[in-house]
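Inspection log for the structure reproduced underneath, given as structure tokens.
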Amino acid sequence: MPRPCRETGREQKQNGDREQLEILEGYVEHIIFRNEDNGYTVLEAVSEGEEITCVGSFRFINEGETMAFRGDYVEHAAYGRQFRVSEYEVKMPEDTQSIERYLGAGNIKGVGRALAARIVRHFGKETLRVMEEEPERLTEVKGISERIAREISAQMEEKADLRNVMLFLQQYGISVSMGAKLYKRYGVGVCGILKENPYRLADEVQGIGFKMADEIAGRIGIRTDSDYRIRSGLFYTLTQAASEGHMYLPESELMVRAAALLGLEPERMEKCLTDLAMERKVMLKEQDGEPSVYARRYYHVELDTARLLRELNIAEAEKDDTVSASIRAIEDETGIVLDGLQRKAVETAAGRGIFILTGGPGTGKTTTVNTMIRLFMREGLHIALAAPTGRAAKRMTETTGYEAQTIHRLLEVNGGVEESDQSRTAIQFERNAQNPLEYDVIIIDEMSMVDIFLMHSLLQAVTVGTRLILAGDVNQLPSVGPGQVLKDMIGSGAFSVVELTRIFRQAAESDIIVNAHRINGGESVPLDNQSRDFFFLKRYDADTIIRVMLTLVTKKLPKYVDAGMLDIQVLTPMRKGLLGVGRLNEILQAVLNPRSPEKRERETASGLFREGDKVMQIKNDYQLEWEIRDRYGIPVDKGMGVFNGDIGMVKEINTAAGLVTVEFDDKRCVEYSFKQLEELELAYAITIHKSQGSEYPAVIIPLLTGPRMLMNRNLLYTAVTRARKCVTLVGSEKVFGDMIANRTEQNRYTSLRRRIEELEGWETGSA
């Protein structure tokens, strides 16, 4: 039975275009290359006696199979004329020559060319039917014992099962690659699962979410008010809220959101929520007079984080005189005199298990941290410095003079993931409770970026007695991941906190820093452009704003801040719209890295990538391998994991191998399969949220329109503080003023503060 045509890696063409594609029929002579991750294949096909190189994405094609390809001829710069396949169809061999070719190609283990010829001579056109339906008759052929006949039969049965499952799955729009994943997990049982409860796939299989399962269920004919659908929809709504930073949802809000998703009345869903609680997939907890609904793992990770924090938060014996003497000695050595708050911060950090240092730009956080480092080194303590992202770690290294690393690397991420029952994978770190970090002091910078799951993993690897110092600006945007760890910790009142407020003289000479504090304080900012590093260009039309930005990026700013064009970063509030990331990146790519015969390209569903492009990783991928190479291209370091927000450059696009090589800022080189390009996007312009923890020589911020919830003081403050030498805002001064006045921040449903307060209450006996 022939396999239906399907898409390869490219988008399905319109029906009119399909009719213009050429059809090539023949058989697979030789598979030259196959990428097992995405199915990208280069093969030699024989059609009417002519050998033709075909390229496309087909995972289940084997040598010797009879094919019908649909596509077009292209001229490859290095490999010449090729047939680029858009769709394909596998045809079962019908004549004896095709059957012998198929069997003799090694598709059945133990059957070579000579044996294939004997089998076909004996059974003729009935060969495949006999092998599938009457395998015992194979013993009629010389050289085939009963054991070999059984092995051949088992292989034929498995291939038939796979083929039948794939045909079944493709009826419901499931791709070949996803079908292979399902077959590997469930075998032929996947067909029964789909018919009974396709929503089970959303819970158990990475890559299949509720919406895909819901689409499959609709095609199968499962009712929209099925309990399976409602339970899955409720759980999906809850876990999707995590992408907005929430750890839970109030029951009333969960019901409203799920009702909109499912198209059902909230009352219809109450029983299913109770069922989820009984299945222990969700936790219901009374808070503020209303039930709060947590995905079970989210509740326990907050509770355990609070427990671990309390265990680490111990006070050492008083040694003020010794610390004060050491601080004076450090001041003499460095020529730097700490102010009262800085001195208090260093003294407190020396005597507490957990200490939090916060403050805005120019308030001396770096000087304070550097003094702490020198103090601990004088005591002979072993110190680790870390930050959430590669860029933030690089900045920490530059400002302290000591090597810093990402938190993931500190914890030795091993690339493994554990399937959880909360439709989220748990990262595996080599450093954990059983194999803790061996440091006396751990200093984490840019703590506002650390989400609850990363914080929990860090705390599990820290032993009691280790000093944990957390530095960050609580007024920055919260973490991309769920939770608001730094804010909740400070709000709990359970930990020693010093907030630095004084702007030092040298920093006060920078209008970037002065105006950032004005923005944070809700004060007006002068827009007279009398500054050397803070400019506002008033424009009121999106296209005019873009033209001004292009002039700044290509002509004005590189010389002004002594940096390359690609070092100038455009930060925009929104992803979509006339001044959104998508449109700006297309325009900036065309200007900064235009099309050229010397630059190879790869078009994807999300956009076009070209050699020389500035790109960003947009999701954490703990299984991507990287290596750092020396000037001769020889690897000198290797590891696993590339993380959300990492920025790099496309160094090479290898069409034949289906690979794109990206070199990130910290010199890590990563090879992406074409399928994995969905993890990248152009980064000439990025959202302000994605800029957290980074610093650029100059930033350009377009401001025109946007939703009130987004266009707030917090966002503007974060954007302005990303610039090191120059910030230029282009747009409406009214929008700028409205953002300063707008203190509204998106409320995150988190309860780490509550869990800490509960534990502190139990400890003191006041609960």
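The values are calculated or read from the model by the stated rules, or taken from the named source; none is laboratory data. These numbers were taken from a predicted model, which means no experiment stands behind them. Quick reminder, even Gly has a Cβ in these numbers, built from the backbone with ideal geometry, and neighbours come from all protein chains shown. When the accessible area is computed, the model is the full protein with side chains, heavy atoms only, and any ligands, DNA or RNA have been set aside. Shrake-Rupley method; radii C 1.70, N 1.55, O 1.52, S 1.80 Å.
Evaluate the following for Ser243: is it open to solvent by 60 Å² or more (accessible area, probe 1.4 Å), over 18 Å from Ala277 (Cβ atoms) and hydroxyl-bearing (Ser, Thr, Tyr)? Steps first, please.
Working: open to solvent by 60 Å² or more (accessible area, probe 1.4 Å): yes; over 18 Å from Ala277 (Cβ atoms): yes; hydroxyl-bearing (Ser, Thr, Tyr): yes.
Answer is yes for this residue.
Within the group Leu682, Leu752, Leu710, Leu715, which residue is touching a strand residue (DSSP E or B) at 6+ places or on another chain (Cβ under 7 Å), among the aliphatic types (A, V, I, L, M) and either crowded, with 21+ Cβ neighbours inside 10 Å or closer than 29 Å to Leu550 by Cβ (or both)? Going through Leu682, Leu752, Leu710, Leu715 in turn, the sole match is Leu682. Taking each residue of the range 132-154 that is surrounded by 14 or more Cβ atoms within 10 Å (Cβ to Cβ) and looking for partners that are of a type in the set (A, V, I, L, M) and not in a helix (DSSP H, G or I) with beta-carbon atoms closer than 8 Å, six or more apart or interchain, yields Leu138/Ile144; Ile152/Ile108; Ile152/Val111; Ile152/Ile144. Meeting the requirement of 1 or more residues that are polar (S, T, N, Q), the strands (runs of 3 or more DSSP E) wholly within the range 322-406 are 354-359, 404-406.
Of the residues Arg307, Arg268, the single one that is open to solvent by 20 Å² or more (accessible area, probe 1.4 Å), of a type outside the set (A, V, I, L, M), part of a helix (DSSP H, G or I) and modelled with pLDDT of 95 or more is Arg307. In the range 277-304, what residues are open to solvent by 70 Å² or more (accessible area, probe 1.4 Å) and either charged (D, E, K, R) or in a helix (DSSP H, G or I) (or both)? Hits for the range 277-304 are Met278, Glu279, Arg280, Glu286, Asp288, His300.
For the range 564-582, taking the residues that are under 22 Å from the mean Cα position of the chain (by Cα) and open to solvent by 80 Å² or more (accessible area, probe 1.4 Å), the one that is nearest to Glu681 (Cα to Cα) is identified as Arg575. Residues in the range 725-746 that are open to solvent by less than 10 Å² (accessible area, probe 1.4 Å) and of a type in the set (Ser, Thr, Tyr): Thr728 alone.
Just one of (1) small (Gly, Ala, Ser); (2) within 19 Å of Gly472 (Cβ to Cβ); (3) open to solvent by 10 Å² or more (accessible area, probe 1.4 Å) fails for Gly693. It is (3).
The residues in the range 534-563 that are under 34 Å from the mean Cα position of the chain (by Cα), on the phi < 0 side of the Ramachandran plot and assigned to a loop (DSSP other than H, G, I, E, B) can be counted, and the count is 2.
Scanning the range 246-258 for residues that are part of a helix (DSSP H, G or I) and farther than 13 Å from Tyr236 by Cβ yields Glu251, Ser252, Glu253, Met255, Val256.
Once the range 596-634 is narrowed to residues that are assigned to a loop (DSSP other than H, G, I, E, B), in contact (Cβ under 8 Å) with a residue 40 or more places away in the chain and among the aliphatic types (A, V, I, L, M), the residue that is surrounded by the most Cβ atoms within 10 Å (Cβ to Cβ) is Ile618.
For first residues located in the range 500-529 and among the acidic types (Asp, Glu), partners that are surrounded by 13 or more Cβ atoms within 10 Å (Cβ to Cβ) and lie 6+ apart or on another chain with Cβ distances below 7 Å form the pairs Asp511/Ser531; Asp511/Asp533; Asp511/Phe534.
Going through the range 207-221 one residue at a time, which ones are assigned to a helix (DSSP H, G or I) and either surrounded by 16 or more Cβ atoms within 10 Å (Cβ to Cβ) or not small (Gly, Ala, Ser) (or both)?
From the range 207-221, those assigned to a helix (DSSP H, G or I) are 210-220; that's our starting set.
Listed by number, the residues that qualify are Phe210, Lys211, Met212, Ala213, Asp214, Glu215, Ile216, Ala217, Arg219, Ile220.
Screening Leu486, Leu437, Leu459, Leu477 for residues that are in a loop (DSSP other than H, G, I, E, B), in contact with a Ser or Thr (Cβ under 7 Å, 6 or more places away or on another chain) and open to solvent by less than 20 Å² (accessible area, probe 1.4 Å) leaves exactly one candidate, Leu477.
Taking (1) surrounded by fewer than 18 Cβ atoms within 10 Å (Cβ to Cβ); (2) over 22 Å from the mean Cα position of the chain (by Cα); (3) more than 27 Å from Lys559 (Cα to Cα) in turn, Thr661 satisfies each apart from (2). Scanning the range 137-171 for residues that are farther than 26 Å from Lys184 by Cβ, aliphatic (A, V, I, L, M) and not in a loop (DSSP other than H, G, I, E, B) turns up Leu138, Ile148, Ala149.
Can you confirm whether Glu29 is modelled with pLDDT of 90 or more, surrounded by fewer than 18 Cβ atoms within 10 Å (Cβ to Cβ) and either in a strand (DSSP E or B) or touching a strand residue (DSSP E or B) at 6+ places or on another chain (Cβ under 6 Å) (or both)? For Glu29, the condition - modelled with pLDDT of 90 or more, surrounded by fewer than 18 Cβ atoms within 10 Å (Cβ to Cβ) and either in a strand (DSSP E or B) or touching a strand residue (DSSP E or B) at 6+ places or on another chain (Cβ under 6 Å) (or both) - is not met.
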